[in-house]
Amino acid sequence: MARTGTTDVLIVGAGPVGLSAAAELRRHGVSCRLVDRLPARLPYAKAVGIQPRTLELWDRMGLVRAVLETAVPMRGQLTYVDGREAARIDLALPPEVPYGFAALPQYETERLLEEYLAGLGTAIERGTELVSFGQDPDGVTAELRTASGAAEELRVRYLIGCDGAHSIVRKTLGLSFEGGAFPATYMLGDVVAESDWELPEGYALRSEHRGADGSTDDVLVCIPLPGAGRYRMSMMVPPELTAPANASDGVTHGLDGGQGPDLSHLQAVVDRLAPGPTRLSGLRWSSVFRISHRIVDRYGEGRVFVAGDAAHIHPPTGAQGMNTGVQDAVNLGWKLALVVRGEAGPGLLGSYDAERRPVGEEVVGRTVRHSTQGFETDPDDPRTLLLREAQLLVGYRNGPLSGVPYGPVGAPQPGDRAPDCTGLTTPIAVHPFRLLDVLRGHPGHVVLLYGPEGAELAAAATEASACGGLLPLTVLAVLPGETPGEAPGEAPEGAAEGATGTTGSGADAAGSTPPSPPPDLGVPAYRDAAGEFARLYLPDGGTGFVVRPDGQLAARFPLGGTAAALSGCLRALSVPLGNPSAAV
């Protein structure tokens, strides 16, 4: 067996989750190898929905523009019951949320991630399979079988299993995978609905037939895809295509390798359930699939971790699965990068399970409930339901990395998603920036210091910059916007309540006086010209915020306590303060 040396991280499985893990590691400068047993990318639109929160993460990576140029918008869903329209859901998010819902076939998502990863110097090793692995206190030894059939032994510091519902990584670790399976079998098809079918552009369709007892006995779900009239359709499978599940590990989930439906099978269901007549054509692919709901008892052990379908599987209701897996990968990726680079202690990696497993449990439970009982039975109000489906409410307030709460009721706290906002200006740029524009390209933690220019803000900037020797930090200042006629450097009255100052173009209400330049604080500074930062972050006077690499808040603190707050934040990351060989 050939021994090929070492790399920092081995990632098994090159679906969206494995690709995202590799992308996050590589953008943080960590070496990795990404292997997949399949010889080529599969041409299936398995996962289709892209959630707004995932788009925010891809924005931070610098990937989002390519996604937006390829995907189609998801504007809502129409629900029909027994031939009559029963509900219409419009996917309208608050105006400060930068991205809406999108639809993109999984093979296109994988292509874009693969191209992004190639730009970072890493390629997928196709036809390469993980055969076995063992770990010890210093690393992991993995046995691979390459495309040529040769055996290879690889020594790595960490291993991530993104190898799906039948994960060899999960099985080798001995993780439990408790849950159950849905009795029904479904079929999928990627087809074109001819132009005589008048569905609103960007809307999905769910059409049901209910039996005498009120239960659903026939269903058609159509999700728009890129391409004129193209949809991913799913429906119950006819008896002639139903085959007994044949999963050797008892996990009956995903596409079936048996006989798939042809166009006539799909057309028959459309004829029964579509709200209007249409003819299907252009069948790109089809398959039978089954659904289980399971989750592991822990997201890893020692130096080996699982993410995505290797950790949790559930009904595709609400397009939660792939997005949850991508967010698993990003959460784990930045933490592994800190540990591999020696900037954090290995204790940090325990926060991956502590933060992400509760999210996985909630998603599995919610999707099973929605699949069996319907969205209309959800106890949340419509706004909260929509934000949760968009995965904008995922948070870790009770997690091990969340700092002490600070500020008024309703303010975003450590563990919450850091809100995006618009209207950040500089004297040079003609157009205002969004906060995501400012964060993009900064892979590590970002410290945002909000307050009027003066001694307190300058001192906080100096203290925060000094902490950069302990952990890679980007320090930025956000100053309140100016109101017309205000003296330079004077904070606008009511800024903390979200009062609007100058317009986004940098002119005052009369268009005559540009804002004064931010002071020289030794760090980049922006003005909150539209008052959006103050409205969404609710600073209590001079306030600092730490934004994690995954876009969650790590800390919130008064500017007078900047040094203490950042030291506490770094300790929470197990950062070796002043001693690279010892973790705090």
Exercise. So which residues in the range 452-461 are at pLDDT 95 or above and under 18 Å from LEU538 (Cα atoms), if there are any at all?
Worked result: LEU457
Exercise. Can you pull out the residues in the range 336-371 that are among the small types (Gly, Ala, Ser) and in contact with a Gly (Cβ under 6 Å, 6 or more places away or on another chain)?
Worked result: ALA354
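Okay, residues lined up against (1) at pLDDT below 95; (2) part of a helix (DSSP H, G or I); (3) under 17 Å from PRO472 (Cβ atoms); (4) touching a strand residue (DSSP E or B) at 6+ places or on another chain (Cβ under 6 Å):
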residue	(1), (2), (3), (4)
ASP508	yes, no, no, no
THR513	yes, no, no, no
PRO517	yes, no, no, no
TYR526	no, no, no, yes
LEU536	no, yes, no, no
GLY541	yes, no, no, no
VAL546	no, no, yes, yes
ALA564	yes, yes, no, no
Seminar exercise, completed: Among residues of the range 384-430 being open to solvent by 30 Å² or more (accessible area, probe 1.4 Å) and of a type in the set (S, T, N, Q), the residue farthest from ILE89 (Cα to Cα) is THR426
Exercise. Closer than 28 Å to ALA307 by Cβ and touching a helix residue (DSSP H, G or I) at 6+ places or on another chain (Cβ under 8 Å): does that describe TYR186?
Worked result: no
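What residue, among those in the range 96-133 that are small (Gly, Ala, Ser) and over 15 Å from the mean Cα position of the chain (by Cα), is surrounded by the most Cβ atoms within 10 Å (Cβ to Cβ)?
Only one residue fits best here, namely GLY127.
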Problem set entry | Residues located in the range 264-313, provided they are among the hydroxyl-bearing types (Ser, Thr, Tyr), surrounded by fewer than 19 Cβ atoms within 10 Å (Cβ to Cβ) and outside any helix (DSSP H, G or I) | SER281
For this session: Quickly run through the range 175-196 and pick out the residues that are at pLDDT below 85, aliphatic (A, V, I, L, M) and in a loop (DSSP other than H, G, I, E, B).
Result: ALA184
Seminar exercise, completed: Residues of the range 370-425 being of a type in the set (A, V, I, L, M), farther than 17 Å from GLU532 by Cα, modelled with pLDDT of 90 or more and in a loop (DSSP other than H, G, I, E, B), in sequence order, are ALA390, LEU392, LEU393, VAL394, LEU401, VAL409
Exercise. In this structure, does ARG60 turn out to be of a type in the set (Lys, Arg) and without any contact (Cβ under 8 Å) to a residue 12 or more places away in the chain?
Worked result: no
Problem set entry | Residue ID - most open to solvent (accessible area, probe 1.4 Å), chosen from residues in the range 4-22 that are farther than 14 Å from THR128 by Cβ and part of a strand (DSSP E or B) | THR6
Exercise. Cβ-Cβ below 6 Å, separation at least six or inter-chain, first residue in the range 71-90 and without any contact (Cβ under 8 Å) to a residue 60 or more places away in the chain, second assigned to a strand (DSSP E or B) and open to solvent by less than 70 Å² (accessible area, probe 1.4 Å): which pairs?
Worked result: ALA86/THR79; ARG88/LEU78; ASP90/GLY76
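The values are calculated or read from the model by the stated rules, or taken from the named source; none is laboratory data. As the structure is a prediction and not an experimental result, all values here were calculated from the model. Here the Cβ is made from the backbone with ideal geometry for all residues, glycine too, and neighbour counts use every protein chain on show. Calculation scope for accessible area: heavy atoms of the full protein, side chains included, ligands and nucleic acids excluded. Shrake-Rupley method; radii C 1.70, N 1.55, O 1.52, S 1.80 Å.
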